[in-house]
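The values are calculated or read from the model by the stated rules, or taken from the named source; none is laboratory data. Keep in mind the model is a prediction, meaning the values are calculated, not measured. Ideal geometry is used to build each Cβ from the backbone, glycine not excepted, and the neighbour counts take in all protein chains shown. The accessibility values were calculated without ligands, DNA or RNA, using every heavy atom of the protein model including side chains. Shrake-Rupley method; radii C 1.70, N 1.55, O 1.52, S 1.80 Å.
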Amino acid sequence: MCGIIAAASNRNVGKLLVQGLHKMEYRGYDSAGIALHQDDGIAHLRTLGKVQLLEEKMISEKPKSKLGIAHTRWATHGEPSETNAHPHKSQDSIYIVHNGIIENYVQLKEDLKQSGYEFLSQTDSELIAHLLDHYINQGQSMVEAMYAAKEKLEGAYAIAAIDIKDNTNLVIARNKSPLLIGIGADEMFAASDPLAIAQQTNDFIFLEDGDVAEISANTYKIFDKSKKEVVREITRINISAEATSKGEYRHYMEKEIYEQPEAVSNTIDGRIGGEDVLDNIFGLGSSDLFSKVRRIQIVACGTSLHAGRVAANWFSSIAELPCQIDYASEYRYRNPHVDEKSLLVTISQSGETADTLAALNYAKEKDYLSTLTICNVPTSSLARESDFSFFTNAGPEIGVASTKAFTTQLAALMLLALSLAKSRNLNPKLRGRVVQALRLLPETIAEALNSKDQMTEIAPDIANKDNALFLGRGIFYPIAKEGALKLKEISYIHAEAYPAGELKHGPLALIDENMPVIALAPESEIAEKLISNLEEVKARGGTLYVCADPSVNMDVKSGKLIHMPECDFFMSPIVYNIPLQILSYEVALLRGTDIDQPRNLAKSVTVE
Ligand code: M6R
């Protein structure tokens, strides 16, 4: 997963291409590069590390150009290095940028070597430049060469290419990796994400799999997979500058944590009314469809999967439906049993996660009643490819660590549990109670954000440890898992989560004064049992940090008891997650890690 951007204009495009790369660093940030068409050849600049370093190189070399392509990389084939950074070239003539993976690259590379092409990088992408060069040398135009190359390429790709002999046009192609055209005034763009060019235009065309397009400053032509010229719909999207900047915050993650009350309001706004959820909020006909559902299958990855695990409890207790959950990367490989009354639900912030998309495509071949996606990006592939879509309306989430995306997914999944229950004529009183609690949720989250001072106090104790253990029971176990994921991904501290009752079956052996234990103790029917589990930790010298209901009082010795705002039990997993987000942020701050772009990760994982 990488970010690509291209521009053809009547003004210099170098600066705006680099600005676009900055906006797409969430897609990868181990190296970056640019190729700019100039009067005397192509300026080809690449740097190892973040886009900032490419920007510095641009400032010192000052290349001028009206046509160019650029790339920010997350390494798949070949280590992060300047040589492996894009754009890749063939014969100093064809330059390409690529996002995706070419699955049959070993064979294609061998064939091209036999034809005399020399490979300079270890990437799968470089061969695309050689393939294009090969076909262009046979007298084909760039568009024809792209089609010929596509016939050879297996896998996922978004490609942009320029030819030294043509200073007017660039050619792009899409297959299973996001790619769009941005239409400006006397200029055209292509990019992996509208965010990258949102400062230049609000008008976008989302290409479909198999499409090839030729772009110049004043015009564009799109051809479909059968090489026929087609007209694709223009979508207007207004992405405000405020939504994509850090504002007064130090990191996007910090901003996104504190935006959560508003984000959740946007998720529930217009979707509940009176004592109930409104009809058809998951799409026209969804209420009717939901009355036929007898089983839910969730597929998702990472944080989104944790949201699904919480929701499984709600589906059972509110909508009285069983729910199976799979890691999207595992789902296809276990030969899942599908019955025709099952609803397949994918959950994803980006809507572009390759494992989740692959799982959806597999599921579409099976006998599911229907497919629904809960995601944050209305223009995403998951949204386009699912029967029903529900958008969380959280606004752009840029920090790699998901925070507001998770919280709004939970709110959306609660709406789904309510809608299913309503369509099945179940539990009207309970629905009324939950709807009322949902209305109060933004306020309760705002109160939970006040735990910041306590988290800042605890953070030094955790920041100087190598490990941490998170404990929760029942519906709080996935929240403990999410807390552990957040801590490890941004602070690089090894963290694990357990259902508290499992402690005595093994992990208790890990407890000593170097193992901080972060526990979630809401008011529940098993609160007493949880407290006993925590006593076991205390007796072994473990330091306890307990987020608890105001009614819980226990002696945590040198640890800390943090009282959470009172809230309805159904909302409590959402509320108790908030201090865990703040804790990992504060710990990462102390450890001086790269919070918005943690090492080895990327926001949108578009490779399987
Ligand atoms: O965009 P998605 O929600 O599909 O992404 C899935 C995971 O990669 C993602 O949730 C990841 O685990 C989080 N960014 C971690 O904070």
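Sorting 182-191, 278-287 by their mean Cβ neighbour count within 10 Å, with the most densely packed peptide first, gives 182-191, 278-287. Each peptide in 223-233, 591-601, 44-54 gets a packing score, the mean of other Cβ atoms within 10 Å over its residues, and the list from highest to lowest is 44-54, 591-601, 223-233.
Tell me the per residue accessible area of the chain using a 1.4 Å probe; a whole number in Å² is fine.
So the chain comes to 39 Å² accessible per residue, rounded to a whole number.
The translational diffusion coefficient of segment 450-591, from Stokes-Einstein at 37 °C and 0.692 mPa s with a Kirkwood hydrodynamic radius over alpha carbon pairs, comes to 225 µm²/s. Take the Cα pairs of segment 131-215, get the Kirkwood Rh, then feed it into Stokes-Einstein at 25 °C and 0.890 mPa s and tell me D in µm²/s. The Stokes-Einstein estimate is 183 µm²/s. Convex hull of alpha carbon positions in segment 3-236: directionally averaged projected area 11.1 nm². With Cα atoms as the point set, segment 247-317 shows a radius of gyration and Dmax of 16.1, 48 Å. DSSP bridge analysis restricted to the chain gives an antiparallel fraction near 60%, rounded to the nearest 5.
Please compute the contact order of segment 3-236 in relative form: average sequence separation of alpha-carbon pairs under 8 Å and at least six residues apart, divided by the residue count, as a percent. Reported as a whole number, the value is 20 percent.
Calculated on C-alpha atoms, the gyration radius of the chain divided by its Kirkwood radius gives an Rg/Rh of 1.00.
The base-10 log of I(q)/I(0) for segment 1-71, evaluated at q = 0.21 Å⁻¹, reads -0.79 [Debye formula, identical scatterers on Cα atoms, solvent excluded]. Just from its helices, what would the mean residue ellipticity at 222 nm be for the chain, if runs of 4 or more DSSP H residues each count -39500 (n - 2.57) and the sum is divided by every residue, rounded to the nearest 500 deg cm²/dmol? That calculation yields -11000 deg cm²/dmol at 222 nm.
Helix by helix through the chain, keep the DSSP H runs that span 20 Å or more along the axis on Cα and average at least -0.5 on Kyte-Doolittle, and give those back in order.
Details: long enough: 302-319 (24 Å, 0.36); 404-423 (28 Å, 1.11); 428-448 (28 Å, 0.06); 477-491 (21 Å, -0.17); 572-591 (29 Å, 0.82).
Qualifying helices: 302-319, 404-423, 428-448, 477-491, 572-591.
A protection proxy built from the mean count of other Cβ atoms within 10 Å ranks the segments 241-247, 343-349, 470-476, most packed first, as 343-349, 470-476, 241-247.
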